[in-house]
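Asker: My questions will all concern the structure given below.
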Amino acid sequence: MVPLAVLITGMFMSVLDVSIVNVAISTIQVELGGSTADVAWISTAYTLVLGVVVPTSAWLGNRFGLGRVYTLSLAGFAIASALCGLAWSLNSLIAFRVIQAIPGGLLPAVTLTMVYRIVPRQKIGTAMGLYGLGIIFAPAIGPTLGGYLVEYVSWRLVFFINVPIAIVGVIAALVALPKFPAMPTERFDLWGFVTVATGMVALLLAFSEGHSWGWTSYRVLILITGGILMLALFVVIELEVDHPLLDLRVFQSRAYTVSLIAMSVMMTGLFATLFYVPLFLQAGQGYPALNAGLLIFPQALVMGFLMPIAGRLYDRIGPRWLAVTGLLIAAYGSYLLAGINPDMTRSEIVLWTCIRAGGVGLAMMPIMTGGIASLSHDLTTTGSAINTVAQRVSAALGLAALTAMATTQQAQLAAGRTALLQADSSQVAQLNFAQFYGLYRQTQLAVLANSYSNVFLLTAATTVLAALVALLLRSGPAEHSESTAVPVE
């Protein structure tokens, strides 16, 4: 439990940073200047570097030892966070975010591998139920904590808060973590790294900037096409080289492949909820950032309560029925959120988000654990790396795709309502300025609510499909042959 607690600390900090920073972006823009597109690179640059760094985590963990990589990454994250807090301009902040993303990308993949190395397989569900608090609870609590710090203290504390946590984490790691010796490694797969890094960056950049550049612009289309071709070349290279960067044999496991699909759908739905609900509460109902964060905070408590329970149940009944049940509950919660409207009450939004969070808390860890537990010990590091990539990329690409759909629908719906107003121009002409502005505002809110409603309907439908896919997961406890952990010193 002590080593597990140390790993949870590092994981929680690295994942929390992704969501907590988003709340501060508008305040940073006011203080440091820059256009909206320029400020967006605070998040975009971080995401792009993750796509480059995470695939190397398996090789680095084997080459230098998991414990050493974890400790150095935690220390590096603290230093980079302090530099971000000291940034004197927007360009310096973006540069420091690039540095911060290097250890920030390594931490989740390395810690996940270490959990599977120190925990016996028959107890992995309970351990992952606790470990999952960093993956799910941290993004959910981020908007609330970030909103408080930005509103009452300073946006710089969003970064500085990582420093004391990381220092404690480094000391605890040096004292409490077992030794993870370095393993024999072959020469670094340079061409595999170049192709996967290029492909990931191209796709992430295209989906991050698609809204501002235009989804049918040459830049976006070239990036998407080039990214897909580079990833296809990466697969060819990895299947041909003797010592691949990422061992694609992990996809021979049906349970692992199924878990990646289901988990990607869940992460997309989770981040869509954390993004669109606070956004509508602020734009549609006029809530301050902190109040909007507080309204979605109860869902974090629900997930934090259910995940350890789901982990213990996993050890007894396996992942299948927990995953299916949780996904269906999450789908129902998304369906309820499709009722989003300017007149919804606080109790409704809390109830809807908590129902969806209950499904996520029940299903997420069984899905992830069931997938990686199906792999042999020598594939765990690769499985953890690909798992981390899938989480981050699915959240980024899925949210970008949903935003593109919502933006397109808003334009279409607004045009349709404008045409209706023009058809009734005689009555519109009789309105005074205040009445006309009220009508305009009401129309805009209706358009915004309608587009977000369709986003949640699509999320509900894909989550139901993921529940059907999850039926392919294992049912029953793990086999006795898988019940021992890899020995560590």
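Each value in this text was obtained by applying a stated rule to the coordinates, not by laboratory testing. A quick note: this is a predicted structure, and the numbers were derived from the prediction, not measured. So basically every Cβ, Gly included, is an ideal-geometry build from the backbone, and we count neighbours across all protein chains shown.
Asker: Taking a temperature of 25 °C and a viscosity of 0.890 mPa s, what whole-number D in µm²/s does Stokes-Einstein yield for the range 219-317 with Rh from Kirkwood over alpha carbon pairs? Write down the numbers at each step before the final one.
Answerer: Working: Rh = 17.9 Å.
Roughly 137 µm²/s, to the nearest whole number.
Asker: Taking the Cβ-Cβ separation of Ala182 and Asn450 as r and a Förster radius of 56 Å, what is the calculated FRET efficiency to the nearest 0.05? Write out the running numbers ahead of the final one.
Answerer: On the way: r = 56 Å, r/R0 = 1.00.
Rounded to the nearest 0.05, the efficiency is 0.50.
Asker: Using amide H atoms built in the peptide plane, which far-off residues or other-chain residues are under 5 Å from His243 H to H?
Answerer: The list, which skips near neighbours in sequence, is empty: none.
Asker: Can you work out the FRET efficiency for the pair Tyr218 and Ile171, with r the C-beta to C-beta distance and R0 = 56 Å, to the nearest 0.05?
Answerer: On the way: r = 52 Å, r/R0 = 0.92.
FRET efficiency, Tyr218 to Ile171: 0.60.
Asker: Something else now. Quick query: amide H of Gly65 versus all other amide H atoms, modeled in the peptide plane; which residues come in under 5 Å with a sequence gap of 5 or more or a different chain?
Answerer: Met183
Asker: Given labels modelled 7 Å from the Cα in the Cβ direction, how far is it in nm from His377 to Met1?
Answerer: Placing both labels 7 Å beyond Cα along the Cβ direction yields 2.6 nm.
Asker: At a 10 Å Cβ-Cβ cut-off, how would you order Asp247, Asp38, fewest neighbours first?
Answerer: Working: Asp247 18, Asp38 14.
So the ranking, lowest neighbour count to highest, is Asp38, Asp247.
Asker: Kindly state, to the nearest 0.05, the FRET efficiency for Trp191 paired with Tyr148, given R0 = 60 Å and r defined as their beta-carbon distance. Walk me through the numbers before you get to the answer.
Answerer: On the way: r = 47 Å, r/R0 = 0.78.
That pair, Trp191 with Tyr148, gives E of 0.80.
Asker: When a footprinting reagent is the concern and you count Cβ atoms within 10 Å, what order do Asp17, Asp378, Asp343 take, fewest first?
Answerer: Values: Asp17 26, Asp378 12, Asp343 9.
By the 10 Å Cβ count, ascending, the order reads Asp343, Asp378, Asp17.
Asker: Moving to a separate point now. What does the C-alpha gyration tensor say about the overall shape of the range 120-207? Classify as rounded when a/c is under 1.5, otherwise prolate if a/b is larger than b/c, or oblate.
Answerer: On the way: a/c = 1.79, a/b = 1.20, b/c = 1.50.
The shape class here is oblate.
Asker: With labels modelled as points extended 7 Å from the Cα through the Cβ direction, what inter-label distance (nm, one decimal) is found for Thr443 paired with Asp242?
Answerer: That separation, rounded to one decimal, is 7.0 nm.
Asker: Here is a further query. If we count trypsin sites (Lys or Arg not before Pro) as exposed when they sit in a DSSP loop and have at most 11 other beta carbons within 10 Å, what is the longest stretch of the chain that avoids them all? Spell out each step's value before the answer.
Answerer: Working: sites that count: Lys179, Arg187.
That gives 188-489 as the longest site-free run.
Asker: Please work out how much length the chain gains when fully extended from Thr407 to Val30, using 0.36 nm per residue of separation minus the C-alpha to C-alpha distance, in nm with one decimal. Write out the running numbers ahead of the final one.
Answerer: Working: separation 377, 0.36 × 377 = 135.72 nm, distance 2.48 nm.
Here the answer is 133.2 nm.
Asker: So which helices of the chain fit the span-like rule, where a helix is a whole DSSP H run, its Cα atoms reach 24 Å or more along the axis, and its mean Kyte-Doolittle is at least -0.5?
Answerer: Counting only whole DSSP H runs, the qualifying helices are 2-32, 66-85, 90-118, 190-213, 218-240, 254-285, 289-317, 320-337, 346-373, 380-423, 433-469.
Asker: Report the extension gain between Gln282 and Thr345 in nm, rounded to one decimal, defined as 0.36 nm multiplied by the number of residues separating them, less their alpha carbon distance.
Answerer: Details: separation 63, 0.36 × 63 = 22.68 nm, distance 1.37 nm.
Contour length minus Cα-Cα distance gives 21.3 nm.
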